[in-house]
Each structure stands twice: as structure tokens, then as C-alpha cells.
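K.L.:
I am attaching a structure below and will ask some questions about it afterwards.
Nothing in this text is a laboratory measurement; each read-out follows from the coordinates by a stated rule. Computed from a prediction, not measured in an experiment: that's the story for all the values here. So basically every Cβ, Gly included, is an ideal-geometry build from the backbone, and we count neighbours across all protein chains shown.
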Amino acid sequence: MPPRLLSTASQVDNLFTAPPLLSTQGFCWHGAHVDCRWEPPGAIEEEVSTPWHGVVLFTQFPGSEPALAERSIDGRFQVERVHPGDILVLPAGVGQRSRWNAPGEFMNLVFEPAALGRSLDEAADDTTFELMPHFATQDLLVLQLGLALRRVLQGGGERLYAETLTTTLAVHLLQTYATRRPQLKTYGDGLARPQLQRVVDYIHSHLEADLSLETLSTLVSMSAHYFAQLFKLSTGVAPHQYVIRCRVERAKTLLAQPDLAIADIAYRVGFAHQSHLNRHFKRLVGTTPGQWRQATRS
């Protein structure tokens, strides 16, 4: 009997006892969805599958002992000890069921199949790459990226940074868990000068917008992964870092207008809220926007 296909997020939610602690919910980062959950001991008794690729990242268990899980993936059964930093790889359409004996925190890192390949190759489709299922295996890079994505969700969601993280994660999954390993290109030079100018002009003209890695990479007709690489070679910083610096510089100019509230300035330059501006402004400039405004008046 084939596994039951869970084709909506609400169907997946019904497998668990509580809603996620954090979630991208109705939006995605370059074809990726993320949620973070805390779940008591329990089981998924029925064999289920999804139409998207999933990585389950275990982040925390109470106490010092690992959790014990009984798991079936793609018809194979295994009893395993699960530690923080372990992941499961659950490809699209692959059936799985499980039972676990301890409460714990975990993250679902979910990719729409077509988006996984497009992170690496703008011409890829959902048949270009296929992931292999994996039982619990330690992967510290996925742990690092997953925890960074959780921090983005907690901070209100910096889309450009989040998409950089999910693109890096997608490329790692293709290199490590795909049925065939992609051949990655290497570059000694960055973007051509007209390409870089096109991207820089767009950024400066749309600082107030929710800029995405996909939008910027499309401007120069290349995949998100290679665009991010070449942009950093050209500028010395990643795209999201460059955009934050531009937003802070624009904020400096607007702070010279005493009638503009700092909260309004934050929105005008593309930050989610005033504290978002404050955090990056102090990190890059060394003072808060209010202190900067006062000092420049003096």
C-alpha cells in the first residue's frame, strides 16, 4: 500500500501535538520553508510522504542522553539513537513512519523540488536532481545553517540573508545526499562590470523593497548560488551584507532631516522595524541612529 501523501502544510501540522514555535508559514525563501517545533514523545503510526524534499534537523533534547527512535524510511526499518545535530533526509514521495521516546526540539527544512536544482542551475527542473533518503546522521553544516535560519525567523526575517542560507543549504544537500553529485564551477573573477553595475543600480533604487536573492540573480541571468559567489568576489561582501551597508548609509542621510522619526527612516530604507535598523547601525557605525543624529547636530 503506498504511503498517504500529505500535500498541504496543515496536513503535516496534524501529525504533531502543537503548532510550530516558529515558521515561515505562508511565505518561502527561494522555494524553501522552515519551521521549528518542540514535540513530546510520540509516533507517526501511518506511513506518509510529501511532494517536497524535507530535512529534519534535531536541535535539542533535555538531559544528556540521546533520544531513541524506531523509524521506517522508504521501506527500510532502523532503531537509532538520535543526538542534537543529527538530520534525516526525506526525499519527495518517499514514505516514512517513526516512533520516539523523548521530548525534543527539531526543525523542518523543506524544499520545493524544482527550487532545489535551481539554486545551482537556473535551467534545472524537478527531475534534474534526486535526493537519497538517510536515517539519522550527524551534519554540522546543516546544524549551523539551520540555527542561523532560526535566528532569522526570531529576528523578523531578513529575506536576502535567509535566501543566501537556504541556497547554501540546497547546494550542500545536492553535493552530499543526491544520487549524483553536481559539478560545481569555480571562478577567479567576479561579475563583469556591466553586470555588477546593473545589480548595484537596482539595489540602490529599491532599498525600501524586500529584496530577494532570486530577483538580483535574475538581473544577470544566473543561478542564486553562482550569483552570490561572483558578487562577493566583486565587492568583498555577500549580497545581504552589501544591502545592509547601503541601507545604513541611506539612513545616515535621512537622519540629517530632523522632522523624520527614526522608525519612519527604518521603513524607508528597507528595515523591518526600528530595532532592526538600530542593531545594524550600531554594528556598522558604532553608535545608535539617535546618537548619530545628536552628534551630527552638535
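K.L.:
How much length is gained if the chain between R151 and E39 is pulled fully straight, taking 0.36 nm per residue apart and subtracting their Cα-Cα distance, in nm to one decimal?
P.N.:
Here the segment from R151 to E39 would lengthen by 38.3 nm.
K.L.:
When N is the residue count of the chain, what does its C-alpha Rg come to as a fraction of 2.2 N^0.38 Å?
P.N.:
After normalising by residue count via 2.2 N^0.38 Å, the value is 1.12.
K.L.:
If you take every DSSP beta bridge whose two residues both sit in the chain, what share of them, in percent to the nearest 5, is antiparallel?
P.N.:
Rounded to the nearest five, the antiparallel share is 95 percent.
K.L.:
Put +1 on the Cβ of every Lys and Arg and -1 on every Asp and Glu Cβ in the chain; which of V200, L173, S217 then has its Cα farthest towards the positive end of the dipole?
P.N.:
Highest projection toward the positive end goes to V200.
K.L.:
Another question, if that's okay. From largest to smallest, what semi-axes in whole angstrom does the range 4-177 give when each is the square root of 5 times an eigenvalue of its alpha carbon gyration tensor? All intermediate terms of the calculation are to be shown ahead of the outcome.
P.N.:
On the way: eigenvalues 111, 70, 48 Å².
Here the semi-axes work out to 24, 19, 16 Å.
K.L.:
Further question: For A272 paired with Q144, estimate the spin-label separation in nm (one decimal), with each label point 7 Å from Cα along the Cα-to-Cβ line.
P.N.:
About 2.3 nm, to one decimal.
K.L.:
Can you give the FRET efficiency to the nearest 0.05 for L22 and L284, using r as the Cβ-Cβ distance and R₀ = 30 Å?
P.N.:
On the way: r = 27 Å, r/R0 = 0.89.
After rounding, the FRET efficiency stands at 0.65.
K.L.:
Considering amide H positions built from the backbone, and no H for Pro or chain starts, which residues 5 or more places from G42, or on another chain, come under 5 Å of its amide H?
P.N.:
When sequence neighbours closer than 5 places are left aside, the close amide H contacts are W100, A102.
K.L.:
Can you tell me the length gained on complete extension of the stretch L68 to L184, counting 0.36 nm per residue apart and subtracting the Cα distance?
P.N.:
Gain on stretching L68 to L184: 38.0 nm.
K.L.:
Can you return the aspartates and glutamates within cross-link range of K282? Criterion is Cα-Cα under 19 Å, with same-chain partners fewer than 8 residues away left out.
P.N.:
Result set, ordered by chain and number: E158, E249, D264.
K.L.:
Expected output is a single nm value to one decimal: the length gained when fully extending between E46 and S10, i.e. 0.36 nm times separation in residues minus the C-alpha distance. What is it?
P.N.:
On the way: separation 36, 0.36 × 36 = 12.96 nm, distance 1.64 nm.
Result for the pair: 11.3 nm of gain on full extension.
K.L.:
Using θ = phi - 60° and the Karplus relation 6.51 cos²θ - 1.76 cosθ + 1.60, list the HN-Hα couplings for the range 58-68 in order, rounded to whole Hz, with x at every Gly or Pro.
P.N.:
Along the range 58-68, the couplings run 8, 10, 7, 10, x, x, 9, 8, x, 7, 10 Hz.
K.L.:
Separate question: Can you spot the lysines whose alpha carbon is less than 17 Å from K185's alpha carbon? Ignore those fewer than 8 places along the same chain.
P.N.:
Counting by Cα, and skipping residues close in sequence, K185 has these lysines nearby: K232.
K.L.:
Around T59, which amide H atoms from residues at least 5 apart in sequence, or from another chain, sit under 5 Å from its own amide H, with H modelled in the peptide plane?
P.N.:
Those qualifying (amide H under 5 Å, at least 5 residues apart or on another chain) are G85, E105, F106, M107.
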